[in-house]
Protein chains: 2
Amino acid sequence: MADCYTELEKAIMVLVENFNKYMTSFGLGKNKISKSSFRKMLQKELNHMLTDTGNRKAADKLIQNLDANHDGRISFDEYWTLIGGITSPIANLIRQQEQQSSS
Amino acid sequence: MADCYTELEKAIMVLVENFNKYMTSFGLGKNKISKSSFRKMLQKELNHMLTDTGNRKAADKLIQNLDANHDGRISFDEYWTLIGGITSPIANLIRQQEQQSSS
């Protein structure tokens, strides 16, 4: 990606490339991530984030909810929503810490 | 952030820090981004991404939908969803290009 891209754009592209790395490229479930690959992805790519915040249970619950509601394959939109669900409480925590340290 | 964090974790933190940069820190709408700040953020931080893909109209529509459905302030979860909505068609495009170039 060209150097002129902003930090935010580069960060978004990392999330896109990470999806492409774990998705199935052919056959049934093409362009989606299987639940087992998604779990592997969490362990490998989000390990520190989940460990640091004790947020692993929340992540497990999010994946379980997919079982009930979806086709067992995770589309890009679902992947984005799941990572958002994991990130949101962490973002709250960081905000609280920053506000406490600046007050 | 410590060097041990993965590329994905660092990328997610860029999205969190970008939200914190544009959010209101006090008073009404605390910990949310106003619509006008969100528009400014799109122009400044996602400018190339929106220009490159002709996706600006889609972004405008997403922000307009917020007008109808929300309180005029964008929470972290809404911010995450909006950026996902902008990213999703771009991610599809990249995937198609990669699949065409590898076939």
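The values are calculated or read from the model by the stated rules, or taken from the named source; none is laboratory data. Computed from a prediction, not measured in an experiment: that's the story for all the values here. All Cβ positions, even for glycine, are placed from backbone atoms using ideal geometry, and neighbour counts span all protein chains on display. The area values use the complete protein model at the heavy-atom level, side chains included, leaving out ligands, DNA and RNA. Shrake-Rupley method; radii C 1.70, N 1.55, O 1.52, S 1.80 Å.
Values computed for the structure shown
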read-out	value
Peptide A:90-96 - average C-beta neighbours from other chains (10 Å radius)	5
Value of Rg to Rh for the protein assembly as shown (Rh from inverse mean 1/r over Cα pairs, i.e. Kirkwood)	0.95
Average accessible area per residue (Å²) across the protein assembly as shown - probe 1.4 Å, nucleic acids and ligands excluded	54
Magnitude of the charge dipole, the protein assembly as shown, Cβ model with Lys/Arg +1 and Asp/Glu -1, debye to 20	320
Protection-proxy order for peptides B:79-91, B:23-35, A:90-102, each taking the mean of Cβ atoms within 10 Å per residue, highest first	B:79-91, B:23-35, A:90-102
Per-residue average of Cβ from other chains inside 10 Å of B:18-31	2
Dimensionless Rg/Rh of chain B - Kirkwood Rh, Rg from C-alpha atoms	1.03
On Cα atoms only, tilt of A:7-22 relative to the major axis of chain A in degrees	30
Chain B - charge dipole about Cα centre, Lys and Arg +1 at Cβ, Asp and Glu -1, debye rounded to 20	480
A/B buried area, accessible surface, summed, 1.4 Å probe, Å²	3400
Averaged over A:75-84, number of beta-carbon atoms from partner chains that fall within 10 Å	5
Between 0 and 90°, nearest 10: helix B:35-45 axis offset from chain B longest Cα axis	40
Share of carbon and sulfur in the accessible heavy-atom surface of chain A [1.4 Å probe, %]	49
